[in-house]
Amino acid sequence: MEFELFWRQTSERVRSYLRWVCGNEADVDDVLQECYMRALRGWGQYSGRGSREAWLFGIVKRTNIDWYRRHKRHVSQSLEQVGEEKLAVEPREDDRAEGIEQMIRGLKPEQQEIVYLRFAGGLSYEEIAQTVGVPVGTVRSRLHRGLKELRKKLKVES
Amino acid sequence: MEREVVERLAMDRAGGELSDDGVKLLEEYLEGHPEAKVWVAEMEELYAMCAETVAGERHQEQLNAIGSMDSCFRRNDNGRGNDRLLTLGRWAAVILMALGAGIFLGRWSVESLEVETTETIQVVQAEPKEGLETKVQKIMEGDEEASESARGFWEAKIVATLGAKPRVKREEPVQEEDFWSRLRGPNRKEN
């Protein structure tokens with residue numbers, strides 16, 4: 001029951017995060033399921049050190065990487081499928097929002113990761129630091145640089 | 001205060017990461033520095049825009065979440081299960097092929113040995129057996145072939161031995177009795 005409660009509290013954020021990091025909408029549910037299966041298996045092993053959300057997102061990160069190593073989906077193939085099926089992130093009516101989306105996807109990987117964990121995952125600096133394995137100062141620094149980069153791109157566009 | 005520091009504090013405040021004391025200090029600083037207020041406003045707007053873009057999907061997800069949550073676990077993992085079955089199947093096929101190859105090679109080598117053994121036996125059996133006396137007679141008669149064969153060699157040796165002069169026994173030198181032997185005497189038993 002405790003796990004089920006945890007799942008209900010966090011699955012929405014994990015799904016939101018996966019929609020950004022997975023290349024394909026079709027994979028999101030599968031990866032999400034596998035994440036929680038792993039979390040359930042390791043539920044008793046959680047030592048209590050740090051946040052449980054951070055522990056979960058660590059599992060999510062590793063599961064996503066393992067998933068793509070196993071399936072080795074090519075980008076071109078996934079893009080074709082995205083064209084046929086629903087997009088991972090639906091196209092918005094607002095062009096500006098879509099433009100910002102593309103700019104976020106154009107950030108450096110380490111900055112993207114922090115942005116997704118922060119805004120999609122809803123993690124605090126401390127939790128992000130625990131998930132990624134860097135100090136809190138580095139998390140703040142990367143997030144700040146990511147936002148500065150976005151500002152620069154927005155200025156160029158305007 | 002540098003712009004970068006002000007922006008980071010603004011970012012922390014927008015994300016709820018700044019303590020109450022920190023918020024107070026920032027606001028006091030902004031009161032005295034109007035240009036810093038512009039930096040803070042920019043950063044907060046950017047933060048909000050980013051949050052809306054990235055986390056905005058979560059609002060839509062909330063509507064679908066309740067319906068999809070249970071289906072997530074009810075969904076069978078055919079994809080994963082099939083992958084595992086495929087991997088197991090491949091390994092099973094490899095193992096079976098290896099076993100089959102090993103059995104085939106083993107039987108082939110046994111059969112070839114049997115053939116060789118049979119041939120060898122046949123070859124051996126093809127040789128006519130001669131009695132010893134016949135051979136000795138042949139050697140006595142000077143049959144080189146008989147004497148040159150391995151058996152012939154030993155038989156020739158026997159013949160040579162039989163025909164040889166009696167050996168002269170060498171007389172062994174008499175050993176002098178050592179001190180202890182003398183002490184013990186001829187009939188005394190050793191302890």
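The values are calculated or read from the model by the stated rules, or taken from the named source; none is laboratory data. Values in this document were obtained by computation on a predicted structure and should not be read as measured data. With ideal geometry, Cβ positions are generated from the backbone for all residues, glycine too; neighbour counts draw on all protein chains shown. Heads up: the accessible areas ignore ligands, DNA and RNA and are worked out on the full protein's heavy atoms, side chains in. Shrake-Rupley method; radii C 1.70, N 1.55, O 1.52, S 1.80 Å.
Points worth noting:
- Rg/Rg_ref, the stretch A:107-146, where Rg_ref = 2.2 N^0.38 Å and atoms are Cα: 0.96
- Put a dot 7 Å past the Cα of A:Glu110, heading toward its Cβ, do the same for A:Arg69, and the two dots end up 2.2 nm apart.
- Shielding by partners - mean other protein chain Cβ count within 10 Å, residues of A:118-129: 3
- Residue-averaged beta-carbon neighbours from other chains (10 angstrom radius) around A:15-21: 4
- Buried solvent-accessible surface, both chains (A, B), 1.4 Å probe, Å² to nearest 100: 3800 Å²
- Take each residue in B:45-53, count the other chain C-beta atoms within 10 Å of its C-beta, and the mean is 6.
- Interface residues in the stretch A:33-61 - accessible area drops by 50 Å² or more relative to the isolated chain, probe 1.4 Å: A:Gln33
- ³J(HN,Hα) computed for each position of the stretch B:24-32 - Karplus, 6.51 cos²θ - 1.76 cosθ + 1.60, integer Hz, glycine/proline x: 4, 4, 5, 5, 5, 5, 5, 4, x
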